[in-house]
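Here is the structure we will look at.
The values are calculated or read from the model by the stated rules, or taken from the named source; none is laboratory data. Keep in mind that this is a model prediction, so the values were computed, not measured. Neighbour counts run over all protein chains shown; Cβ positions are idealised from the backbone, glycine included.
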Amino acid sequence: MNQQQDGLPRPEPRKFDAEILSKEIVERLTYRVGKDAANAHKHDWLHAVILVIRDRIIDAWIRTKKEFHDDKGKRVYYLSLEFLIGRLMRDAVSNMEMLDQMQEALASLGADLDVVAELEPDAALGNGGLGRLAACFMESMATVGVPAYGYGIRYVNGMFRQEISDGWQVELPETWLAHGNPWEFERRECSYEIGFAGKVEAAEQTLGTPGKMTWSPQERVVATPYDTPIVGWRGNQVNTLRLWSAQPIDPILLDKFNAGEHQGALRESNRASSLTRVLYPADSSIAGQSLRLRQEYFFTSASIQDIVRRHIQDFGDIKTLHERASIQLNDTHPAVGVAELVRLLVDEHDVEFEEAWDIARKTFSYTNHTLLPEALESWPVPLFERLLPRHMQLVYAINAHILKQVRKSEKISEEAVSAISLIDESGERRVRMGNLAFVGSHKVNGVSALHTDLMKQTVFKDLHSLYPERINNKTNGVTFRRWLMQCNSELTHLIEDAIGPAFKDDAERLADLNKFADDAAFQEQFLAVKFKKKEQLTTHLRDYCGVRIDPNAMFDIQIKRIHEYKRQLLNIVHAVALYDQIRSHPEKDWAPRVKIFGGKAASSYHNAKLTIKLANDVAQVINQDPAVQGLLKVVFVPNYNVSQAEWLFPAADLSEQISTAGMEASGTGNMKFQVNGAITIGTLDGANVEIKEHVGDDNIVIFGMDADEVTARRAGGYNPRDVIEGSPELKQALTAIQTGTFSPDDPFRYQGLIDGIVEHDWFMVAADFGSYANAQRHVDEIWKDKKTWARMAIKNTANAGFFSSDRTIRQYAEDIWKVGL
Ligand code: 26Q
């Protein structure tokens, strides 16, 4: 270890000797895990390996914290109810640049890094895109040097484990903490009390109106943080992910317990710990339960109290908070934080309301991830008021303040006023979390160019015309360390051999690959890497779910949450149509395809669950029909999660991004496919629009209506029956599904699902089918021309640089957070 001026040891990152590592692994196994090598269980080895890596990270972690402290610069706080981090071991080993040495060290102990890595549980504290984005952002913030903390909930049960039983999704609890979690550090000394319900009274000394109040919660719980280090690329900076766990104030209320009232004593304890027990497994519709609102307030309040405490400790004066702290709200889930900060300032720090409001607005910014009306969060006023009586008052005060300004400054219609109001009065009165987040933030962003435009035109139309500077775009990105370098070392090596290593530090340098797009030798190498990844996936799927596929076929993959707007149904209907055509014309030169699906359905989402069953029913029939053997296969990969994704993206030939235009805010899977050299078949939706701009029109296959056409068609009396009658191919496929060809045991199983298409077709499956089928025929043609395919695939990887989350984070840092890098 060499010593820095600050006196702290600095690790010597690139000198990890395999021999030293293997000694350390045995040492940790003995003295920290308490086992000898002969008796150690597989998980003990994993634990020992993680401890060795962790100890090296800790030096950099402590150094980073000290640098933040000394620097006195602005810090970023990323508040998210979800962090879909997946496994951390490979991330850490790879970012610490000790992969080869660790492999060697384990080999010398008779173990294999890949095998040990597979033992690590996949931390699935999120549903899908929003949660995975938060995880990519954490890694990129540590990489590009943003002084950042992530704040969230330490769910005991994250996303459920999906089993497929007789083709149906079955949800089982996932126990990711069963073997302990060596990555986390409990920090009891940083615990906070969180209150719920109770009464509010005017405080003795009240300044201004609305004035200071005293809230006496009826119920209190303790929030205890668990910190996980997040290592940036090359181990230069290590940030903190702080996840809160709920505990009862008095674990077993000793006096009650001693008085023999065991039930009552335990009830409170259970009520507290149930707060952070499970993640809500819905990624779009609102679970109206009060537990969800309690979770939101619990983690938001703990985080804001922590931020305020740190600020006062470091800077003394709470009124300078906005100069030193930037709080990013990941969707509206932590939006109650706006009211919480105002409450802390007014009630506990004697700041007047107007100034408190000003500080809050300068501190917060908000990211919107969806325009779907059913996913826009709002809470019934009576529920909000009962659980958070003081916050309800403040929401009214904020509302009055805003509406007064609005009425003063504009000739504004009453209609616009009611659209801007924080309270939805159209039916049962509800608190609109989107409007609260919007007015409480100095910047509001969408996650792709199209989505940001649509935000301005739809949900936030009136707020946008009032505050035209506030909405801005930050197109999503993904971390290339995980989604290229770790999951596809073969492609990484190929790229490095061609253009050198600079792309590892600057993703835009991938563009240097463009000059190889027409190079025959490079094309062959590129296809050879793809084939190798397909062989690996083939072996994996054989072992994982007993499915046999042929790596010579085109791997056509759709992996994402199951949702009607994402249109897995369009893909399945196409599979059925293709099946029929191959059977009718076996003599044609068909491009062999494996259609692979993966994704979870929200437990209460009937049509999504039925879609999973349909994919499996269709697979069953097609896969056992000798007439299409070797030409068409359908596979549903169970329990799609981050770890499965790491197998699937590198092995994909074709990326399915086929949402109804205007409905997918961005998508991020599309970017993971692209960087791994898959070709996109997609609509002009979300970030697909920008992928097209970057790869060029010739290197992507676009089909279907665009967002404006969808709107116009919906408005103009669209009749799906006419479309179906006009397309024998579509009619045949829908009829086959509807009449039980794939469900002979229950011929009416899909009646309702198909009726939805025939009767209203809100998601435009019928309307876009013809265009989709043509696009797929075009894909077949390209597939048969290997050189063209290779060129397109290379162009995709070469032009993926923009979609690195490092770029996204730099834009947030510059335009929103105003932190210098
Ligand atoms: C809200 C209230 C109650 C219960 C659940 C929810 C809830 C939970 C999760 C609502 C929405 C979500 C998740 C949304 C999500 O993942 N959106 C995706 O975000 C990605 C990152 O920006 C985008 O790429 C995707 O397009 C978008 O669908």
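Values computed for the structure shown
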{"quantity": "Residue tally, condition more than 16 Å from LYS795 (Cα to Cα), within 12 Å of the ligand (Cβ to nearest atom) and among the polar types (S, T, N, Q), over the range 665-692", "calculated": "2"}
{"quantity": "Selection count, the range 55-67, where residues are closer than 30 Å to HIS333 by Cβ and crowded, with 19+ Cβ neighbours inside 10 Å", "calculated": "3"}
{"quantity": "TRP183 being buried (at least 16 other Cβ atoms within 10 Å of the Cβ), part of a loop (DSSP other than H, G, I, E, B) and more than 16 Å from the ligand (Cβ to nearest atom)", "calculated": "yes"}
{"quantity": "The range 693-724, subset under 25 Å from PHE526 (Cα atoms) and touching a residue at least 12 places away in the same chain (Cβ under 8 Å), residue farthest from the ligand (Cβ to nearest atom)", "calculated": "ASP698"}
{"quantity": "Scan of the range 354-389 for residues that are among the hydrophobic types (A, V, I, L, M, F, W, C), within 13 Å of the ligand (Cβ to nearest atom) and not in a helix (DSSP H, G or I), ordered by number", "calculated": "LEU371, LEU372, LEU376, TRP379"}
{"quantity": "Filter result (surrounded by fewer than 18 Cβ atoms within 10 Å (Cβ to Cβ) and either within 30 Å of the chain's Cα centre (by Cα) or not in a helix (DSSP H, G or I) (or both)) within the range 517-526", "calculated": "ASP518, ASP519"}
{"quantity": "Residue tally, condition touching a strand residue (DSSP E or B) at 6+ places or on another chain (Cβ under 7 Å) and either modelled with pLDDT under 95 or of a type outside the set (A, V, I, L, M, F, W, C) (or both), over the range 322-338", "calculated": "7"}
{"quantity": "Candidates ALA619, ALA577, ALA591 - the one that is of a type in the set (A, V, I, L, M) and within 31 Å of the chain's Cα centre (by Cα)", "calculated": "ALA619"}
{"quantity": "Contacts under 7 angstrom Cβ, first residue in the range 304-325 being surrounded by 14 or more Cβ atoms within 10 Å (Cβ to Cβ), partner among the hydroxyl-bearing types (Ser, Thr, Tyr), 6 or more apart", "calculated": "GLN305/TYR192; ASP306/TYR192; ILE307/TYR77; LEU321/THR363; HIS322/THR363; ALA325/TYR77; ALA325/THR363"}
{"quantity": "Selection status of GLU171, more than 21 Å from LEU46 (Cβ to Cβ), of a type in the set (Asp, Glu) and in contact (Cβ under 8 Å) with a residue 24 or more places away in the chain", "calculated": "yes"}
{"quantity": "Unmet criterion (only one of (1) in a loop (DSSP other than H, G, I, E, B); (2) in contact with a Gly (Cβ under 6 Å, 6 or more places away or on another chain); (3) more than 16 Å from the ligand (Cβ to nearest atom)) for VAL338", "calculated": "(1)"}
{"quantity": "Odd one out for PHE555 among (1) in contact with a strand residue (DSSP E or B) (Cβ under 8 Å, 6 or more places away or on another chain); (2) not in a strand (DSSP E or B)", "calculated": "(2)"}
{"quantity": "Test: ALA134 is more than 15 Å from the ligand (Cβ to nearest atom) and either surrounded by 24 or more Cβ atoms within 10 Å (Cβ to Cβ) or in a loop (DSSP other than H, G, I, E, B) (or both)", "calculated": "no"}
{"quantity": "Residue check for ALA400: in a helix (DSSP H, G or I), in contact (Cβ under 8 Å) with a residue 40 or more places away in the chain and more than 16 Å from the ligand (Cβ to nearest atom)", "calculated": "no"}
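Residues are listed down the side, and each one gets a yes or a no for (1) farther than 22 Å from LYS533 by Cα; (2) surrounded by 15 or more Cβ atoms within 10 Å (Cβ to Cβ); (3) free of Cβ contacts under 8 Å to residues at least 24 places away in the same chain; (4) of a type in the set (Ser, Thr, Tyr):
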| site | (1), (2), (3), (4) |
| --- | --- |
| VAL459 | yes, yes, no, no |
| HIS464 | yes, yes, yes, no |
| ARG470 | yes, yes, no, no |
| ASN473 | yes, yes, no, no |
| VAL478 | no, yes, no, no |
| ALA502 | yes, no, yes, no |
| GLU508 | yes, yes, no, no |
| LYS515 | yes, no, yes, no |
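Residue-by-condition table, conditions (1) of a type in the set (A, V, I, L, M); (2) under 20 Å from ARG28 (Cβ atoms); (3) touching a Gly at 6+ places or on another chain (Cβ under 8 Å):
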| residue | (1), (2), (3) |
| --- | --- |
| MET96 | yes, yes, yes |
| VAL115 | yes, yes, no |
| LEU119 | yes, yes, no |
| SER140 | no, no, yes |
| ALA148 | yes, no, no |
| ARG154 | no, no, no |
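Each row is one residue, and each column tells you yes or no for (1) modelled with pLDDT of 85 or more; (2) closer than 24 Å to GLN295 by Cβ.
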site: PRO182; (1), (2): yes, no
site: PHE185; (1), (2): yes, yes
site: ARG188; (1), (2): yes, yes
site: GLY195; (1), (2): yes, yes
site: THR206; (1), (2): no, no
site: ARG220; (1), (2): yes, yes
site: PRO229; (1), (2): yes, no
site: PRO248; (1), (2): yes, yes
